[in-house]
């Protein structure tokens, strides 16, 4: 599971002005992130606006991403939802060539019990062609995967290898890190909490900020994993302001604004998501200029 130590980036999906997928920009982004020394990439997580893509578009993005990456870094595919039968079918149909794991978000909207969540992931585990990374992000899903449920899944299924924890709850993370099997990883799902979570034993992060600042962010994570806390802390604090700006008006609007300013892709999003305000856009621009000068 060393593949998933360090910085993974939950990549945006670049769109052209007409809303179609911009594969040329996606290629540029992939190469930019690999050149920035991130450890792995996540295709079509929440940041990739996967909820607004149809199945054919997803398959085209996965195939293109796999071909472009060409084995240079590990790859994770985002496949999740709130209809277990449908997601089981998607797992079975997924073509895993070039991919190393599947990130699957907790079943949203339905508000299942913890037993329902367990049975959902059990069903996925039984058909998955690749190891599974759980994704707990209750702020988006209204579905909290309790620490006890995560640990139950971790102990019961060898192919459930990690959890991306975006609950922001340190008590939750402490329980998982204390009681998990040695092979099971906790991965930060909150950029600004990454350093403290690594100090507790987390394996790294699946980052949004890393889309725009892969070099500095992945360096901060590597320093943390090497227990070079003072150097890591310096970078952590440098990134706080830009991190706040990226999320002020929702994700991925902020990072798409940053990527546009870097000339990597347009900031077009699909409704119901919209671009950040001009005020926030200018603040992001000024902060990126400041970081370049440091």
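Annotation for the range 41-96 versus the range 168-216: alpha-carbon center distance of 22 Å. At q = 0.25 Å⁻¹, what base-10 log of I(q)/I(0) does the Debye formula yield for the range 1-54 when every alpha carbon is treated as an equal point scatterer in vacuo? Log-scaled intensity ratios, in q order: -1.01. The Stokes-Einstein estimate for the range 16-147, based on a Kirkwood radius over Cα pairs and taken at 25 °C with 0.890 mPa s viscosity, is a diffusion coefficient of 158 µm²/s.
The calculated FRET efficiency for the pair residue 18 and residue 93, based on their C-beta separation and a Förster distance of 25 Å, comes to about 0.30. Highest mean packing first, where packing is the average number of other Cβ atoms within 10 Å per residue, the peptides 115-124, 205-214, 277-286 line up as 205-214, 115-124, 277-286. For the range 197-294, rounded, prolate or oblate, judged on the Cα gyration tensor with a ≥ b ≥ c (square roots of eigenvalues), a/c < 1.5 rounded, else prolate if a/b > b/c? Cα axes put the range 197-294 in the prolate bin. Taking the three principal axes of the alpha carbon atoms in the range 2-227, the coordinate ranges are 43, 43, 28 Å, sorted in descending order. Calculated mean residue ellipticity at 222 nm for the chain: -14500 deg cm²/dmol, from DSSP H runs with n ≥ 4 weighted as -39500 (n - 2.57), summed, divided by the residue count and rounded to 500. Short to long, the 5 Å bins of the Cα pair-distance histogram for the range 86-200 hold 2, 12, 23, 24, 21, 12, 5, 1 percent of all pairs. Classify the range 132-279: rounded, prolate or oblate, from the alpha-carbon gyration tensor (a ≥ b ≥ c, eigenvalue square roots; a/c under 1.5 rounded; otherwise prolate if a/b is larger than b/c)? Judged from the Cα gyration tensor, the range 132-279 comes out oblate (a/c at least 1.5, b/c at or above a/b).
Coordinate-derived values only; no laboratory data. No experiment lies behind these values; they were computed from the predicted model shown. Ideal geometry is used to build each Cβ from the backbone, glycine not excepted, and the neighbour counts take in all protein chains shown.
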